1. Any residue in region B:35-47 that is in contact (Cβ under 8 Å) with a residue 40 or more places away in the chain, away from chain A (no Cβ under 14 Å), over 18 Å from B:LEU187 (Cα atoms) and not in a helix (DSSP H, G or I)?
2. Could you list all residues from region A:77-99 that are part of a loop (DSSP other than H, G, I, E, B), at the interface with chain B (Cβ under 7 Å from one of its Cβ atoms) and charged (D, E, K, R)?
3. When only residues in region B:220-244 that are free of Cβ contacts under 8 Å to residues at least 12 places away in the same chain and at negative phi count, which is surrounded by the fewest Cβ atoms within 10 Å (Cβ to Cβ)?
4. Please enumerate the residues belonging to region C:151-178 that are under 29 Å from B:TYR55 (Cα atoms) and among the aliphatic types (A, V, I, L, M).
5. Counting just the residues of region C:10-69 that are touching a Leu at 6+ places or on another chain (Cβ under 9 Å) and among the acidic types (Asp, Glu), which one comes out nearest to the other protein chains (Cβ to nearest Cβ)?
6. Only one of (1) crowded, with 23+ Cβ neighbours inside 10 Å; (2) in contact with a Lys or Arg (Cβ under 9 Å, 6 or more places away or on another chain) is not met by A:LEU57, so which one is it?
7. Cβ-Cβ distance below 8 Å, separation of 6 or more or different chains: which pairs start in region B:245-269 with a residue that is closer than 15 Å to B:ASP230 by Cα and end on one that is in a helix (DSSP H, G or I) and acidic (Asp, Glu)?
8. Out of C:ALA194, C:ALA170, report the one residue that is modelled with pLDDT of 85 or more and among the aliphatic types (A, V, I, L, M).
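The values are calculated or read from the model by the stated rules, or taken from the named source; none is laboratory data. In this text the structure is predicted, and so the values were computed from the model without any measurement. Please note: Cβ atoms are built from the backbone with ideal geometry, for glycine as well, and neighbour counts cover all protein chains shown.
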Amino acid sequence: MNAQPDAAIVVSNVTVSYGAKRALDDVSLTVPAGASFALLGPNGAGKTTLISVLCTLRRPDRGSAAVAGADVVRMPTQARRSIGVVFQDSSLDDRLSAWENLEFHGLVYGMPKKRRRTMIEAALALVELEEWTHDIVRSFSGGMRRRLEIARALLHEPRILFLDEPTVGLDAQTRQRIWQYLETLRRERGLTVLTTTHYIEEVEDADSVCIIDQGRIIAQDTPAALKERFGQRWLTVLPQDQEAADAILASVPQVRRLGAQRLALPAEDEAATDAFLSTFRDRLSEVRFQPPTLESVFLSLTGRELRDRADGQRDAEKAAGRRGGQR
Amino acid sequence: MEMLALLRGLYAIWLRELTRATRDRAQLIGGVSRPLIWLLILGVGLNPYFRGEVYGEVRFVIPYTYLQFLFPAVIVLNIMYTSIQFAVSVIWDREFGFLREVLVSPMPRPLILLGKVLGGSTVAMIHGGLVLILARFADVTLSPLQIVQALGLMFVLAFGLTSFGVILAARVRSFEGFGVFSNTIILPLYFTSSSVFPLDPSLTRAQIVTAYPEWLVFMVQINPITYAVDALRGILITFNQFPSAMGSAVIFGMAVVFFVVALLDFRRA
Amino acid sequence: MTPARPHRWGRALLNIGAAACLLLGASLLPPDTSLNDRKASGVLKLCVPPSYPPLVTGKPDEPGYDIELARAIAGKLELRLLVNVLPSMGQDFNPRNWSLTRAQCDLVGGGVADTAQTRSFMQTLATGAETGWVIIGKSGAQLSKGDAVAVLPGTSGLDRIALSNWVRRAGLTARLAATPADLERLLTSSEVAAAITERYVAAQLSEGFSVGWLDPESFPVFPMAFGLWKGDQTLMRAVRQALHQLEREGMVSQLQDHYGVSRLGPG
């Protein structure tokens, strides 16, 4: 094995295709043990596919991956024992109670009765769900379900935790609370946490951020280093009409389209910015300066915004659809 | 993974199926209403047509009353419905993600499937067993040994049909229309299993053909449910149209073949 | 503080229990009107042949085992027994020609054997009497190839085809007898080495013949029964219950002793 002894996750040259579409294209990355690692990218970038490969649900077409030193193709059982997974969509049984869901998990992981009992109680305490222990999951809110899933993923004391979009569809307060649990766990247990997200603000505290787009890794570093390297101030504007937009695009070559209507241009050069504004001031209906954030890093790297406007709406629809579908 | 841990996992999957099914009132209502419809309403309704008014002049020449004849078939019907509807639970798990929770666990794939099928078969056997409560109504007297034998056979039958449900689930992409779909499978199989109509009262091939068109007789003969019904009749009312070992052989054969196919499907998925 | 854990099976058992209760309740519903119809008319009709001793004797003071038993059953059901003597019964071995109808008979007695053939047409309730093929004069083992035997098949629904096969296999020649008297004549005239007939036919012969079951390994002994129409479940249950009650009260064995129902040979 070429894995370093302290690497929790090693991915080398993994390629995965769905038909003609390449979901992952020659991806390689290493996550040291005990790290908090974030995969950042828009929807459809290949984050979920990478998680599927790492938790042995999808074989890579080419390349190899190992978690906790176990190759996911050759030693899937050993790999599975060392990981806990929180999927993007709820995978709880909503006809069972919280306790029964955890009990099921404990049994499937072969935990003996006594240990099951203590671990379930501890896990429920961690995510503050003791009061609802014997309530049927169907009555739970989205946030409660998510917390229960995190409790479940941790029940068998995995060394690595995968969280695929753990905070989608949750309100800000719940999101914050979930990150707090994870931070506590990482510190206390030396857990390696790999998260995928498209919420920029959630990865600011990560040890390492990997930006992924269209199946390829385009940058990987600490958040600070990324901002330093690729971050720049951007000026985003909303032209009053199509004619104004065309005029701006024709006269300023550095301007990029952002979504359907808005335009962005680098705002490092003050003189150029001032000139631009004085020229087009009357034909803009909205002007905004963006400080160097990971969002602007993504913009610099790909020329697109991380999350287009329709995204939030889609999340909401998805969450609603799920609730409706589950009776 | 050592043996005990695997057994715990198997138990968990089995228990979950059982818990879900027995908490689901709708499913139980189906399990109760089917025998009521088929035995009470159909059985009583057709009774006068099968009893004969003149000694020696009955068309329905089997040494049992119509209700006794129908009784084992209704058990099989209830098992068929419950088993094949089990596919919904499989699709459910797949569509709503619960399957992944099990797939990322250290449980081996075949054991996951076995646990699920065992759970589904137990539920189907319970539904079949519920029909036994109506034995008094149908004038079927049962000894404890007969009940045990019948439940055993019902379980093996349910195991085969549940595996068949899993095979269906692998080929059906969504719930939509699954109810209709399952009805189009269950009812024809049921009606061509010599269940409601005594196709071939006097047990020789020559006479079936004179009484019913050849194509129908052919359908009855290739239908495995025919032999399942026959085996259960053998136990419950000691009446066999076919050699008694044949029914059990077909039931065990179905269980093995369907489970293996389901396993291959499940591995691929 | 976790709240008390509800029992895992609590709700499940409750649901299954409710389902079972519902079915149990449904199983108490009467499946037909046969008993109610009899209660309304106040009469229980029994069809018998003119003579089938000792089950039906034709004597007014000692009418026969089946008739007395049926009368006792009718008494338990608070019905009056009406005996329909049908001469057609027993004259032909094809029961179709007996022209028994549901309108005439609720019970059929006086020689109904509880065989698969009978059950194809009626449901049966064993009365404690038994029948089967008997051999008169000699035992089966004493016969040798080429011997002639007199055969009177009787009417109770025993398997004639099996009997004729047996006769052929044993290398015997069968001489059909038309009536018990005919059979007796053949026996006494020594035209035949032995006679084969049904047990209760043998009971009608004069004293002095030795009677034994014919080859018990090939021919089972069948219980005699009352025949009831298929589908008359409520009546069947009531009659069965009454019969069991009479058995417990000792009435049945008393009648059996009186008529010599369990005695083999001429009575």
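1. No, the conditions are met nowhere in region B:35-47.
2. A:ASP89, A:ASP93, A:ARG95
3. For region B:220-244, the residue satisfying everything is B:ILE222.
4. C:VAL151, C:LEU152, C:LEU158, C:ILE161, C:ALA162, C:LEU163, C:LEU176, C:ALA177, C:ALA178, listed by residue number.
5. C:ASP32
6. All conditions are met except number (1).
7. Within 8 Å, the pairs are B:MET246/B:ASP230; B:GLY247/B:ASP230.
8. Values: C:ALA170 fails: modelled with pLDDT of 85 or more.
Exactly one of C:ALA194, C:ALA170 is modelled with pLDDT of 85 or more and among the aliphatic types (A, V, I, L, M), namely C:ALA194.
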